[in-house]
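The values are calculated or read from the model by the stated rules, or taken from the named source; none is laboratory data. Computed from a prediction, not measured in an experiment: that's the story for all the values here. As a convention, Cβ positions derive from the backbone with ideal geometry for all residues, glycine included, and neighbour counts pool all protein chains shown. With ligands, DNA and RNA removed, areas are computed over all heavy atoms of the protein, side chains included. Shrake-Rupley method; radii C 1.70, N 1.55, O 1.52, S 1.80 Å.
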Amino acid sequence: MILAIDLGNTNVTFGCIEESTGETVFEERINTDVEKTSIEYAVAFKTIMDIRGIKTTDVSGGIVSSSVPPVTRQVKNAAEMLLGKPVIEVGPGIKTGVDIRIEDPAALGPDLLVGAVAGISEYEAPLILIDMGTATTISVITDQRKFIGGMIIPGVKVSLKGLALNAAHLPDIAIKKPEKLINGATVGAMQSGSIYGHAACIDGMIERIWDDLGYKTKVVATGGFARTVIPCCKQDVIIDSQLLMKGLLILYKKNCEA
């Protein structure tokens, strides 16, 4: 099995995946912390692996994807400490098999690249990929399998925190689907606006992308808020919470063989 790590702005998602079957043995999240040292991240990874009954000797290699440059080095070093061998880092020069057609391909976020690799492999092109984390990112892959860019939208939690911070009478609330759309309570109205508003935004963006492309595509969503928001969308969107893990395994295999 391999150790796969995706480093995001809010969480470090990591887990072990069986190479032969593609099955995720486990997946966990810890908070992303720029103050943590490599050894502290290594201890956190090792503790959870021990709880899950995974020995480091059973892990043949590792791969890291990071959207947080200040923390990349610590997390990569932590993985290499645990495994006692070099770990692949998703970035410029890595073999992906994706035809990236944006102004600066090297600037493409590693998480978007990993998602594109998994999306094309699992669902084929054309495809819209939606990753709902700190930001909601939308990526577009054409019927010719070209990654042509997309959109970045403030995420559900970021939007709500910004609202509570800038509106004196509005509280910081839990993110969950309200009991009804039209809500007479402040908290319920905020939840409705956040969840259904984000869902409506996604529906509208999908339609606009289809209009721009001139044809419809499959739509796949992943990320921490996908299971809360996507069921409220009117468009048919597939939820795949394992998309990034699948992409990391594909990239690991491509680059180990290389």
Determine whether the range 164-187 contains at least one residue that is part of a helix (DSSP H, G or I), surrounded by 13 or more Cβ atoms within 10 Å (Cβ to Cβ) and among the basic types (Lys, Arg). no
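Restricting to the range 21-38, name every residue that is in contact with a helix residue (DSSP H, G or I) (Cβ under 7 Å, 6 or more places away or on another chain) and either closer than 13 Å to Arg52 by Cβ or assigned to a loop (DSSP other than H, G, I, E, B) (or both). Reasoning before the result, please.
Going through the range 21-38, the residues in contact with a helix residue (DSSP H, G or I) (Cβ under 7 Å, 6 or more places away or on another chain) turn out to be 22, 24, 27-28, 30, 32, 34, 36-38.
Hits for the range 21-38 are Gly22, Thr24, Glu27, Glu28, Thr32, Val34, Lys36, Thr37.
Is there a residue being under 22 Å from Phe225 (Cβ atoms) and open to solvent by 70 Å² or more (accessible area, probe 1.4 Å) anywhere in the range 31-52? If you could, list the steps in order and put the result at the bottom.
Restricting attention to the range 31-52, the residues satisfying the condition of being under 22 Å from Phe225 (Cβ atoms) are 31-33.
When the remaining residues are screened for being open to solvent by 70 Å² or more (accessible area, probe 1.4 Å), the result is 31.
Within the range 31-52, one or more residues are under 22 Å from Phe225 (Cβ atoms) and open to solvent by 70 Å² or more (accessible area, probe 1.4 Å).
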In the range 137-153, the residues that are touching a helix residue (DSSP H, G or I) at 6+ places or on another chain (Cβ under 7 Å) and under 20 Å from Tyr196 (Cα atoms): Thr137, Ile138, Met151, Ile153
Could you give every pair whose Cβ atoms fall below 9 Å, whose first residue belongs to the range 91-108 and is under 15 Å from Thr72 (Cβ atoms), and whose second residue is basic (Lys, Arg), counting only separations of at least 6 or pairs across chains? Ile94/Lys254
Members of the range 82-98 found to be surrounded by 17 or more Cβ atoms within 10 Å (Cβ to Cβ) and over 30 Å from Lys146 (Cα atoms), listed by number: Leu82, Leu83
Yes or no: Ile206 β-branched (Val, Ile, Thr), open to solvent by less than 30 Å² (accessible area, probe 1.4 Å) and farther than 23 Å from Lys95 by Cα? yes
